[in-house]
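The values are calculated or read from the model by the stated rules, or taken from the named source; none is laboratory data. Fair warning: this is a prediction, and the values are worked out from it, not measured in the lab. Heads up, the Cβs are rebuilt from the backbone with ideal geometry, glycines too, and the neighbour counts pull from every protein chain shown.
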Amino acid sequence: MNANCEILPGVLVDIWQCDKDGYYSEYGGNSSQSVSLTDLHFLRGRQTTDSSGLVAWTSIFPGWYPGRAPHIHVHIYSSSGTSLLVTQIAFPKEICDTVYRQGVYATHGLQDTTNERDMVFNDGVANQMAQISGSVANGFVLNHTINVRS
């Protein structure tokens with residue numbers, strides 16, 4: 001939706017996130033990510049908003065990497081391909097701590113950076129904080145409204 005709270009149907013929403021170990025597909029082999037996954041494509045997606053301005057994905061809970069709090073990247077484009085907004089979605093620390101103590105996530109441990117200390121979120125996360133419901137046993141649902149100037 002835009003700043004006037006009008007629904008934006010037909011815009012492209014591009015998301016990407018790291019895996020449980022903090023690695024991005026299509027990236028790496030450099031000082032930012034030593035593991036090269038440049039030939040792989042995962043945890044990335046694009047969808048066009050429906051008539052209600054909504055998109056939905058099924059994914060894993062994002063991992064984390066040093067110096068950053070857990071997040072999902074979002075880039076929104078108009079139907080003509082013009083970039084409207086680049087942002088990130090933040091996660092509540094309590095839920096991250098719960099997830100990162102479980103199963104395959106436990107080998108990587110708890111994140112080393114909180115939202116408050118994160119270079120992107122350190123000015124506040126009021127507009128980026130995800131609303132999350134559910135549990136480790138039953139899965140989580142993330143709902144997030146993004147306001148876009150169109």
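Below, the figures for the structure above:
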| read-out | value |
| --- | --- |
| Residue in segment 123-135 that is on the phi > 0 side of the Ramachandran plot, modelled with pLDDT of 95 or more, over 13 Å from the mean Cα position of the chain (by Cα) and not hydrophobic (A, V, I, L, M, F, W, C) present | yes |
| Segment 42-55 residues that are free of Cβ contacts under 8 Å to residues at least 24 places away in the same chain, paired with ones that are part of a loop (DSSP other than H, G, I, E, B) and surrounded by 14 or more Cβ atoms within 10 Å (Cβ to Cβ) (beta carbon under 6 Å, 6 or more apart) | PHE42/SER25 |
| Verdict on GLN111 being under 19 Å from GLY67 (Cβ atoms), among the polar types (S, T, N, Q) and out of contact with any Leu (no Cβ under 7 Å at 6 or more places or on another chain) | yes |
| Some residue of segment 102-109 being within 20 Å of THR58 (Cα to Cα) and in contact (Cβ under 8 Å) with a residue 40 or more places away in the chain | yes |
| Any chance GLY22 is crowded, with 17+ Cβ neighbours inside 10 Å and under 18 Å from VAL141 (Cα atoms) | no |
| Exclusive hit being within 22 Å of MET129 (Cβ to Cβ) and in contact with a Phe, Trp or Tyr (Cβ under 9 Å, 6 or more places away or on another chain), set LEU84, LEU54 | LEU84 |
| Residue list for segment 25-37, filter: of a type in the set (S, T, N, Q), surrounded by 14 or more Cβ atoms within 10 Å (Cβ to Cβ) and either touching a Leu at 6+ places or on another chain (Cβ under 7 Å) or at pLDDT 95 or above (or both) | SER25 |
| Tally, over segment 90-129, of residues that are buried (at least 18 other Cβ atoms within 10 Å of the Cβ) and in contact with a strand residue (DSSP E or B) (Cβ under 9 Å, 6 or more places away or on another chain) | 9 |
| Number of the condition not met by TRP57 [criteria: (1) closer than 29 Å to HIS108 by Cα; (2) of a type outside the set (D, E, K, R); (3) crowded, with 16+ Cβ neighbours inside 10 Å; (4) in contact with a strand residue (DSSP E or B) (Cβ under 6 Å, 6 or more places away or on another chain)] | (3) |
| Filter result for PHE140 (at pLDDT 95 or above, in contact with a Gly (Cβ under 8 Å, 6 or more places away or on another chain) and under 25 Å from SER25 (Cβ atoms)) | yes |
| Condition check for ASP123: charged (D, E, K, R) and either closer than 20 Å to ASP14 by Cβ or part of a loop (DSSP other than H, G, I, E, B) (or both) | yes |
| Extreme residue, farthest from HIS71 (Cα to Cα), among residues of segment 130-141 that are surrounded by 10 or more Cβ atoms within 10 Å (Cβ to Cβ) and aliphatic (A, V, I, L, M) | VAL136 |
